[in-house]
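Q: Take a look at this one; I'll ask things after.
The values are calculated or read from the model by the stated rules, or taken from the named source; none is laboratory data. Predicted, not measured: the structure shown is a model, and the values here were computed from it. Ideal geometry is used to build each Cβ from the backbone, glycine not excepted, and the neighbour counts take in all protein chains shown. Accessible surface is based on the protein model in full, side chains and every heavy atom, while ligands, DNA and RNA are left aside. Shrake-Rupley method; radii C 1.70, N 1.55, O 1.52, S 1.80 Å.
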Amino acid sequence: MFTDVFLYVFISLVFIVLVTAAFAGWKAAPYVPTWQRDVRRMLQLAQVKPGELVVDLGSGDGRFLVTASQEFGSQAVGYELSLLPYVVSLIRKRISRANRISVKFRDFYRADLSPADVVVCFLTPKAMKKLEPKFERELRPGTRVVSFAFRLPGWPSSLVDKPTPQSTPVFVYRVQANPRRGT
């Protein structure tokens with residue numbers, strides 16, 4: 001009897017993990033971890049300052065959150081829809097003992113991004129396009145948006161960083177009163 005219950009619970013958990021991963025991948029991006037050197041590069045390019053709020057859209061395993069908090073002294077909020085990376089990020093938060101981190105199992109399209117000083121993302125081109133009007137409505141002038149690999153198609157970037165031909169580009173945007181005007 002115990003093995004039947006265990007098997008049922010295990011299969012249910014695997015099913016939930018797979019469904020949430022598929023849903024997150026369809027909604028914005030599949031879970032693909034970013035190398036730690038690229039995490040630091042993105043946060044440095046965003047010029048994150050102590051006390052600022054860094055928001056990670058599709059925060060995965062929480063590596064941006066922990067790095068932003070521990071190495072840059074910022075507050076950090078992450079939004080993740082895939083269950084396994086979300087649980088890993090909670091574990092990473094606990095192990096790091098970073099108290100300025102919040103991880104939310106929530107759709108970032110429905111989150112209020114207006115308090116953000118920096119928004120980081122590694123999302124599909126489709127998700128980036130869908131975020132443009134949200135950014136235009138919610139982000140304050142001066143907010144920095146940093147994207148790994150994919151552009152915000154309607155916005156001019158203030159910086160494109162690609163240190164080597166093999167590097168993945170990082171796009172940095174600075175929100176203005178009208179972001180389509182450029183910098």
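Q: Short version: ³J(HN,Hα) in whole Hz for each residue of segment 113-120, in order, from phi by Karplus 6.51 cos²θ - 1.76 cosθ + 1.60 (θ = phi - 60°), x for Gly and Pro, what are they?
A: Per-residue couplings from phi come out as 9, 4, x, 5, 9, 9, 10, 10 Hz.
Q: Sticking with this structure for a sec: Calculate the spin-label point distance for Val5 paired with Gln166, positioning each point 7 Å from the Cα along the beta-carbon direction, and give it in nanometres.
A: 5.3 nm
Q: Please list the non-local residues whose amide H lies under 5 Å from the amide H of Asp56, H modeled 1.01 Å from N, same-chain partners needing a gap of 5 or more.
A: Under 5 Å from the amide H of Asp56: Val77, Gly78, Tyr79, Val120.
Q: Starting at the first residue of segment 130-135, write each ³J(HN,Hα) from the Karplus equation 6.51 cos²θ - 1.76 cosθ + 1.60 with θ = phi - 60°, in whole Hz, x for Gly and Pro.
A: Along segment 130-135, the couplings run 5, 7, 3, x, 5, 4 Hz.
Q: Let me ask something else. Could you report the accessible area of Asp117 in Å², rounded to 10, computed with a 1.4 Å probe on the protein chains as they sit in the structure?
A: Answer for Asp117: close to 40 Å² accessible.
Q: Do you know the relative contact order of segment 36-88, to the nearest whole percent, from alpha carbon pairs under 8 angstrom that are 6+ apart?
A: Averaging sequence separation for qualifying contacts and normalising by length gives 38 percent for segment 36-88.
Q: Another one. Would you calculate the separation in nanometres between label points at Ala177 and Trp35, each defined as 7 Å from the Cα along the Cα-to-beta-carbon direction?
A: The answer from the label model is 4.2 nm.
Q: Calculate the spin-label point distance for Lys126 paired with Ile91, positioning each point 7 Å from the Cα along the beta-carbon direction, and give it in nanometres.
A: Rounded to a tenth, the inter-label distance reads 3.0 nm.
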